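Below: one structure, written as structure tokens.
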Amino acid sequence: MAASPRQIDTGLYRWTAPHPEWDPVADQLDVSYQEVASHLIVGSGSAVFVDPLAPSAPAEPAETFWRKLDDLVAPVRGSLAVVLTLHWHERSAAQFAARYAAPVYAPAGAASDIEHRPLETYVPKRTQPAGEAEEPERAAKAGATRQAIRETVAALPLGLEPFYVGRDFEAALWLPSHRALLFADVILGTEQGLRMCPEDWVRKSAGGLEPVRQQLRPLLELPIGKVLTAHGPPVLSGGQEALRRALRAGV
């Protein structure tokens, strides 16, 4: 059966589905991570799908899944959007964009690696200054990407605030209305709480886990209640302390 979206808070939904193109074991995780999570945020006037993956199920169960989503977004059907946190999570963005006539947003640094067009870009906020030597090159690259994709950088719907996590093509999303922080790859869920991703995932793009920790530590100043992960179980209460423990591990 296709996974049914589950409400985890008012207007906040999560579902999981097996990722057909990813081998978690090859990426130093166990098979339990084959199921990846997608999120739906429904506000009073609009709704956002974050990193959505449509389940690859037989026709009837899949249609049940889509009907459930249709019902959830019916009150705001004319104002929907898809927000991607990094290029690896393009997943079913095109399918969702087509079904709901929704624009697709992605971090500017990831835009050249995302196939879907048209594409709107956003720039994640930094919590730590970039190194002086690398900043001009990164700024020039981001500027060229924005020029190629869209003349202006967009603000995200529903008050979502994107934060840079230490590698160019990934953002974490802060949802103030639900005190929820959504992570793509750098923070994973476990049955015991949260953990950092394998160091090999960020060795080339960030120089290892410590630069990622440096970017994430200031996020602990946010009043985090929930941490929603794309990989592994979410933390639905005590999110700030769970993230603090994950950032301490291995130090």
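Values as computed for the structure displayed
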{"item": "Checklist (1) within 18 Å of the chain's Cα centre (by Cα); (2) closer than 16 Å to Arg126 by Cβ applied to His231, failing item", "result": "(2)"}
{"item": "Output for segment 1-36, where each listed residue is surrounded by 12 or more Cβ atoms within 10 Å (Cβ to Cβ), aliphatic (A, V, I, L, M) and assigned to a loop (DSSP other than H, G, I, E, B)", "result": "Ala2, Ala3, Leu29"}
{"item": "Among the residues listed as Leu219, Leu181, the single one being at pLDDT 95 or above and in a helix (DSSP H, G or I)", "result": "Leu219"}
{"item": "Single match in Tyr13, Tyr33 (criterion: of a type in the set (Phe, Trp, Tyr) and farther than 17 Å from Asp185 by Cβ)", "result": "Tyr13"}
{"item": "Scope segment 180-202; condition under 17 Å from Ala230 (Cα atoms) and either touching a Phe, Trp or Tyr at 6+ places or on another chain (Cβ under 7 Å) or among the charged types (D, E, K, R) (or both); matching residues", "result": "Leu181, Asp185, Glu191, Arg195"}
{"item": "Matching residues in segment 222-245 - criterion: being touching a Gly at 6+ places or on another chain (Cβ under 7 Å) and part of a helix (DSSP H, G or I)", "result": "Gly239, Ala242, Arg245"}
{"item": "Hits in segment 160-178 - residues which are more than 12 Å from the chain's Cα centre (by Cα) and modelled with pLDDT under 95", "result": "Gly166, Arg167, Asp168"}
{"item": "Filter result (assigned to a loop (DSSP other than H, G, I, E, B), closer than 15 Å to Ile41 by Cα and among the aliphatic types (A, V, I, L, M)) within segment 56-104", "result": "Leu84, Ala102"}
{"item": "Flag for Arg91 being surrounded by 14 or more Cβ atoms within 10 Å (Cβ to Cβ), among the charged types (D, E, K, R) and within 18 Å of the chain's Cα centre (by Cα)", "result": "yes"}
{"item": "Segment 1-18, residues that are at pLDDT 95 or above and out of contact with any Phe, Trp or Tyr (no Cβ under 9 Å at 6 or more places or on another chain)", "result": "Ile8, Asp9, Thr10, Gly11, Leu12, Tyr13, Arg14"}
{"item": "Candidate set: segment 19-45, residues that are polar (S, T, N, Q) and at pLDDT below 95; chosen: the one farthest from Arg195 (Cα to Cα)", "result": "Ser44"}
{"item": "Residue satisfying all of: in segment 46-58; at pLDDT 90 or above and out of contact with any Asp or Glu (no Cβ under 9 Å at 6 or more places or on another chain); nearest to Gly11 (Cα to Cα) among these", "result": "Ala47"}
{"item": "Some residue of segment 167-184 being without any contact (Cβ under 8 Å) to a residue 24 or more places away in the chain and under 22 Å from Ala47 (Cα atoms)", "result": "yes"}
{"item": "Residue tally, condition buried (at least 20 other Cβ atoms within 10 Å of the Cβ) and basic (Lys, Arg), over segment 214-251", "result": "1"}
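The values are calculated or read from the model by the stated rules, or taken from the named source; none is laboratory data. Being a predicted model, the structure only gives us computed values, none of them experimental. Neighbour counts run over all protein chains shown; Cβ positions are idealised from the backbone, glycine included.
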